[in-house]
Structures are given as C-alpha cells and as structure tokens.
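Reviewing the structure listed below.
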Amino acid sequence: MTDYCEIEYTEKGVITKCDETHDKRAGTFILPGITVLEEFDTIESEDGRIGFGVYVPEESQIYVAGNVPQEIKLKALFHELAHWVQDISGIDFDEDTANEFAERLYNAMASVETHDKRTENARGCDKQTGGD
Ligand SMILES: [Zn+2]
C-alpha cells in the first residue's frame, strides 16, 4: 500500500499529487505573497474596513501594516494566512476562526521562543561552570 498523496514543499508553495481515488485533494497551492508596508500603521481593505492586514484573493497577496508592534504585525499576518487557507479550501471567510488561528499560532511561536531562550541560558551556565 502506498500513501495516497505525495506532498512536495517548494519555494513557491505546497504541491500535492494524489492517486485517482483521492484526486479531489490534488492541486497546487501557491503561497500568497506577503508584503509588509513599513510606513503604515493601519490598512484599509477594499470594503472600507480598517485593520492591520488584508488578504487580497485576486492578487494572492497579504499586506501587513509594518509600523506597529511586532505582536500585532505577526497576529495580523497569521490572521490573513487563515483567510488564505479558508480561500484555497473553498470555505467562507470567518473572522472568529481567523482570530483563533492567529492567537494560537502566535502563542505557539512565543512558547517555542521562550524554550529556545531557556536552552541558550542553560548552555551559557554550562559554559561558565565548565572550568578551563
Ligand atoms: Zn479577517
């Protein structure tokens, strides 16, 4: 038995190739472009809403306000990535799901960073007590 889907990660995105029984899953998903607008502290979407980011399906582009704290910038990016996932999955855009996705991804990332710092500190201590 073989896996029914092959997944290939490329610079441009994730390409899945599936056998006939699962061909509905086959397709090429090109990651959206991500543009950080350094001078902007908000971004207005086409429908007039003001936020920190926007996903434009027609362009497959995410725009994020750059002149905001890092946490806001990353959460905006993750939120718009959730909309991209909703878009390529054929699901209606849902703000609550996108916010939850952004929050969870940001918290996961923060906990990985904390873990890295702890590991670095532990190594630093080893060096100091290592003698020579
Ligand atoms: Zn949204």
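Overview of results
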{"read-out": "Pair Asn67, Asp94: separation of 7 Å Cα→Cβ label points (nm)", "value": "3.6 nm"}
{"read-out": "Sum of side-chain charges, Glu58 neighbourhood, beta-carbon under 11 Å (Lys, Arg +1; Asp, Glu -1)", "value": "-3"}
{"read-out": "Neighbourhood charge, 11 Å Cβ-Cβ cut-off, centred on Asp87 and excluding it, Lys, Arg +1 and Asp, Glu -1", "value": "-3"}
{"read-out": "Net charge over other residues, Cβ less than 14 angstrom from the Cβ of Thr35 (K, R count +1; D, E count -1)", "value": "-3"}
{"read-out": "Dipole-positive endmost among Pro57, Ser111, Gln86 within the range 32-129 (Cβ charges, Cα centre)", "value": "Ser111"}
{"read-out": "Packing-based order for 78-89, 111-122, 48-59, using average beta carbon neighbours within 10 Å, highest first", "value": "78-89, 48-59, 111-122"}
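Each reported figure results from applying straightforward, stated rules to the coordinates on display, with no laboratory input. If you're wondering where the values come from, they're calculated on a predicted model, not measured in any experiment. All Cβ positions, even for glycine, are placed from backbone atoms using ideal geometry, and neighbour counts span all protein chains on display.
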